[in-house]
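Only the coordinates and a few stated rules stand behind these numbers; no lab work does. Keep in mind the model is a prediction, meaning the values are calculated, not measured. Here the Cβ positions follow ideal geometry from the backbone for every residue, glycine too, while neighbour counts run over all protein chains shown.
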Amino acid sequence: MTRRILLGSLRRRKGQVAVAICAVALGASLVVAALNLRYGIEGRLAQELRSYGANLVLVPRAEPFLKERDLVILEDKRLKDRIIGYAPFIHRVAKVEGKDVVLVGTRFSQIRKTNPWWQVEGRWPEKEDEALIGSNAASKLGLRLNDRFSVVHKTSQLSFSLAGILRTGGAEEHQAFVPMETLQRLTHLHGFLTSVLVSSRAGKDLDETVAILQKAWPQAETRTLLQVARAEEALLARLEIFLTLVSLLILIAAGLSVYATMSTAALERRVEMALMRALGGEERRVAWIFAAEALGIGLIGGILGCAIGLLLSEIIGLSVFGSFIFPSLLSLPIGLALGVGISLFCSLWVMRRILALQPAVVLRGE
Amino acid sequence: MLGRLLAKSLWRGKARTALVVLSVATASTLVSAFLNIAFTVTEEMAKELRSFGANILVVPKSEPLEIAIGGLRFVAPEESAYLEEADLPWLKTTFWRHNIVGFAPFLSRMVEVEGEQALMVGTWFDREIPIPEGRRFFAFANGSRREVAPDKGTFRTGLKSLSRWWQVEGQWPREDEDGILIGSGLARTLGVGIGGNIRVALEERSAVLPVRGIARTGGEEEEQIFVHLKLAQELFSLPGKAEKVQVSALVKPDNALAARANRIGPANLPPEEYETWYCTPYLGSVSYQIEEVIPNAKAKAIRQVSEAEGAFLGKMRLTFIFVVAMAVLVASLAVMATMVTAIFERRQEIGLMKALGADAKQVRLLFLVEAGLTGIGGGILGYLGGLALAQLLSVRTFSLAGFGLSLSSQAAILPITLLIAVGVALLGSFFPAKEAMRLEPVKTLKGN
């Protein structure tokens with residue numbers, strides 16, 4: 001009986017039901033999208049912050065060098081997903097064209113990832129006798145692109161060709177960069193390193209990463225580059241608060257609009273309610289019918305809203321970051337609960353007011 | 001007639017009017033708060049970032065080749081070039097001087113510290129400098145001149161405000177007495193603590209200095225010692241000199257114009273574009289203006305900081321725009337829904353008017369004007385509420401010691417808030433009023 005009344009009422013009032021469902025769906029979708037952004041975006045931004053450069057540096061603790069073969073520690077599966085990139089270095093002072101210059105051996109493919117702000121005029125070195133020279137060093141040494149020059153370290157000598165000129169605005173502009181193996185050969189320091197720059201996930205994870213590194217690689221001292229780490233921490237913390245507050249505000253606003261729509265819908269039907277009661281319907285039974293309807297509207301609207309909200313947040317993620325953001329599992333139940341909860345609450349609230357009136361008064365239209 | 005009707009209708013339904021205005025106000029509060037945040041949040045973020053390192057490095061035009069390794073630094077004596085410390089206050093007279101939030105000069109040499117080689121760096125820790133006076137004109141290629149009122153008074157700056165990430169145990173040394181800030185690595189090697197004295201020697205000159213603080217940065221600074229600039233100049237016998245200056249400037253992320261100016265050089269831009277470029281705080285134009293006031297200097301972007309900042313702020317801005325657009329949409333929905341309910345409750349009134357011979361136009365006008373007034377009232381209330389709310393939010397979000405909150409109430413926010421409130425209120429009442437007009441008066445009056 002109740003089911004027949006319910007289905008009949010829904011069929012007859014297709015338009016109004018659709019409007020109510022739309023309102024609930026819209027409100028819920030915005031809440032879901034906001035929450036998804038709130039949780040999904042942090043990971044993306046933490047990654048975005050990696051363009052700030054490495055936030056950890058590994059230096060030898062007691063001995064003068066680190067061992068190159070220990071780099072496998074950084075590829076270990078415990079560290080693999082914490083470390084976004086790393087670049088090994090070996091620093092030596094050598095004579096380039098008769099002048100003392102800091103010569104740095106590194107792996108160019110890795111440094112391009114950890115230091116994306118490096119601006120190279122010409123091209124990145126590919127062969128083992130190609131070098132990258134800082135802009136100031138190049139002008140002081142009188143070197144141009146594709147010039148060949150000799151490097152002397154103690155008794156050994158090698159010749160390089162200048163593939164690119166490097167601009168960073170920092171100390172790197174005074175240095176010359178060559179492939180790591182070549183420098184190790186030149187200086188007879190096979191398999192040794194002086195430091196490793198590590199770009200690790202920012203935020204809370206950083207301290208844990210440091211602790212793991214200390215244990216896994218005891219010969220190396222792990223230093224946190226505070227300039228980068230502090231900037232990241234501050235930004236992420238503020239972002240988190242900001243997005244939480246905005247999600248909260250959106251939640252309130254969405255609640256308001258769903259409330260207003262559902263109240264209208266319930267008000268529209270007071271005559272119907274009064275009629276049912278006048279025909280002998282029990283108060284609880286009548287309330288149950290309308291509550292079931294509100295529940296249905298809330299459920300359908302909520303589910304629709306979740307789907308639209310997910311889509312919306314992915315569109316935003318795609319247009320801002322160029323990739324999908326990981327949807328937050330929390331957002332879906334909250335969106336659904338908002339839809340169902342508010343529509344149920346509103347219709348019950350309005351119903352209580354109407355049921356309190358005498359059916360005769362309502363039916364007379366006062 | 002309309003006026004009287006309106007006044008009566010609003011007055012008689014005081015409680016109802018108040019309720020509708022209140023709900024419109026609530027929604028407009030959210031709109032205005034969101035807009036406030038959107039307008040200022042990226043600026044606040046940019047400011048925040050400025051406390052994490054300088055983004056411009058000023059060096060002598062003939063920058064010497066340094067050999068810097070493991071915190072040590074050597075320069076061939078015949079190559080050395082310097083800037084004049086006395087020129088620095090001119091930094092606060094450039095076109096974008098307000099955007100220059102801090103700077104500090106540096107002068108360093110290898111010295112012998114208790115028998116160990118270490119780099120001694122002279123700098124300003126926390127210095128108050130007078131800003132040079134005088135009117136300033138900025139002339140442009142097309143002949144136009146702009147005068148900018150000079151800044152007055154003094155400007156406080158130095159390493160302490162420039163490098164907020166430094167963890168200093170003990171105290172920062174003072175400008176008016178000799179004292180050392182020592183890197184934590186070097187302090188450990190030498191075995192000195194706060195309050196101890198260390199001997200610093202360069203050639204035949206030497207000094208015994210008290211240790212005031214120990215600095216941890218994670219970088220090469222941990223192997224160096226820092227003193228105030230004057231002391232370093234005396235010890236190195238380089239009076240009034242500095243070898244480089246770090247400048248922290250608030251800049252806008254580069255756009256196409258800035259990129260072109262960087263590529264072809266500002267002098268080759270057409271005059272109008274040059275003026276736009278000069279009058280926008282891009283990293284390039286601020287650097288260019290620094291080179292204009294400091295003789296023999298070259299200003300370079302510290303790309304690690306500037307690139308990351310530009311990319312990050314760009315992304316943030318886009319995110320905020322989306323989030324705020326979403327929020328404004330929800331708030332508008334709330335206003336509209338409220339208005340629909342309000343009109344709906346007054347169906348009978350509409351029916352009555354119609355039954356008494358009012359034509360559709362008049363009734364619609366009445367309701368629209370009423371909605372408009374409600375929108376204006378709610379909008380203004382909401383604007384004020386939004387200001388307060390935004391203030392609250394930003395205090396919670398961006399309260400970092402040292403940054404005064406400058407949530408300027410942007411002029412654009414009031415009209416936008418009002419426009420949204422009124423527009424949405426009108427839209428919200430238009431359809432239900434029309435719907436009510438379509439119904440037979442008899443039916444509405446009967447209450448079906």
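Fully extending the segment from A:GLN219 to A:VAL19, taken as 0.36 nm per residue of separation minus the present Cα-Cα distance, adds 65.2 nm. Hey, how much of the P(r) for segment B:236-376 falls beyond 21 Å, as a percent of Cα pairs? Cα-Cα pairs of segment B:236-376 separated by over 21 Å account for 67 percent. Here the Karplus relation 6.51 cos²θ - 1.76 cosθ + 1.60, evaluated at θ = phi - 60°, turns the backbone of segment A:70-80 into coupling constants of 6, 4, 4, 4, 6, 8, 3, 5, 5, 9, 3 Hz, with x for every Gly and Pro.
Rounded to the nearest 0.05, what FRET efficiency is calculated for A:LEU329 and A:GLN119 with R0 set to 56 Å and r the Cβ-Cβ distance? That gives a FRET efficiency of 0.85.
Just tell me how shielded B:308-320 is by partners: mean number of partner chain Cβ atoms within 10 Å of each residue's Cβ, no decimals.
Going residue by residue through B:308-320 and averaging, the value is 5.
Between A:ALA278 and B:LEU352, the simple spin-label model (points 7 angstrom out along Cα→Cβ) gives 2.1 nm. What are the chymotrypsin sites (Phe, Trp or Tyr not before Pro) within segment A:1-110 that DSSP puts in a loop, where the Cβ has at most 16 other Cβ atoms within 10 Å? The qualifying sites are A:PHE65.
Sorted by mean Cβ packing within 10 Å, highest first, what order do the peptides B:53-61, A:153-161 take?
In descending order of packing, they fall as B:53-61, A:153-161.
For chain A, the alpha carbon convex hull comes to 175 Å³ per residue, rounded to a whole number. Distance between the modelled labels on B:LEU19 and A:ALA211, one decimal in nanometres: 5.6 nm (7 Å Cα→Cβ projection).
What percent antiparallel are the DSSP beta bridges of chain B, to the nearest 5?
85
For the pair B:ASP359 and B:ALA7, a Förster radius of 22 Å applied to the C-beta separation gives a FRET efficiency near 0.55, rounded to the nearest 0.05.
Can you find, among B:LEU352, B:CYS279, B:ALA33, the residue farthest towards the positive end of the dipole of chain B? Put +1 on the C-beta of Lys and Arg, -1 on that of Asp and Glu. Towards the positive end, the residue furthest out is B:LEU352. Mean partner shielding of peptide A:318-326, defined as the number of other chain Cβ atoms within 10 Å of each residue Cβ, is 2.
Rounded to the nearest 0.05, the FRET efficiency derived from the C-beta distance between A:VAL271 and A:THR244 at R0 = 56 Å is 0.80. For segment A:55-224, the dipole from Cβ point charges (+1 on Lys and Arg, -1 on Asp and Glu) about the Cα centre works out to 80 debye, to the nearest 20. The alpha carbon centroids of segment B:4-49 and segment B:287-308 are separated by 44 Å.
Just tell me the longest site-free run in chain B, where the sites are GluC sites (Glu not before Pro) in a DSSP loop having at most 13 other beta-carbon atoms within 10 Å. The longest uninterrupted stretch comes out as B:205-448. The helix-based estimate of mean residue ellipticity at 222 nm for chain B, built from -39,500 (n - 2.57) per DSSP H run of four or more residues and divided by its residue count, is -16000 deg cm²/dmol to the nearest 500.
Peptide A:166-176 has a mean of 5 when you count, residue by residue, the C-beta atoms of other protein chains within 10 Å of its C-beta.
Beta bridges per DSSP, both residues in segment A:55-224: antiparallel share near 80 percent.
Alpha-carbon geometry of segment A:58-201: the Rg and the Dmax are 15.1, 47 Å, given in that order.
Dividing the helix sum by the residues of chain A, where each DSSP H run of 4 or more adds -39500 (n - 2.57), gives a mean residue ellipticity at 222 nm of -19000 deg cm²/dmol. Ordering A:LEU10, A:TRP217, A:GLN110 by Cα displacement along the dipole of chain A toward the positive end leaves A:LEU10 in first place; charges were set at the Cβ atoms of Lys, Arg (+1) and Asp, Glu (-1). Ignoring lysines fewer than eight residues from B:LYS241 along the same chain, the ones with Cα atoms less than 18 angstrom from its Cα are B:LYS61, B:LYS230, B:LYS298.
Ranked by the mean number of other Cβ atoms within 10 Å of their residues, highest first, the peptides A:70-79, B:153-162, A:117-126 come out as B:153-162, A:117-126, A:70-79.
In segment B:293-332, which residues have a backbone nitrogen under 16 Å from the label point lying 7 Å from B:LEU427's Cα in the Cα-to-Cβ direction? Within reach of a label on B:LEU427, which here means backbone N under 16 Å from a point 7 Å along Cα→Cβ, segment B:293-332 contributes B:325-332.
With coordinates expressed along the principal axes, the C-alpha atoms belonging to the protein assembly as shown extend over 109, 64, 54 Å, beginning with the largest. Between A:LYS127 and A:PHE345, the contour length at 0.36 nm per residue exceeds the alpha carbon distance by 71.4 nm.
Using Cβ point charges alone (K and R +1, D and E -1), the dipole size of the protein assembly as shown about the Cα centre works out to roughly 4680 debye.
Over segment A:119-177, what is the percentage of antiparallel beta bridges among all DSSP beta bridges, to the nearest 5? Show your work: numbers first, answer last.
Working: 12 of 17 bridges.
In segment A:119-177, approximately 70 percent of DSSP beta bridges are antiparallel ones.
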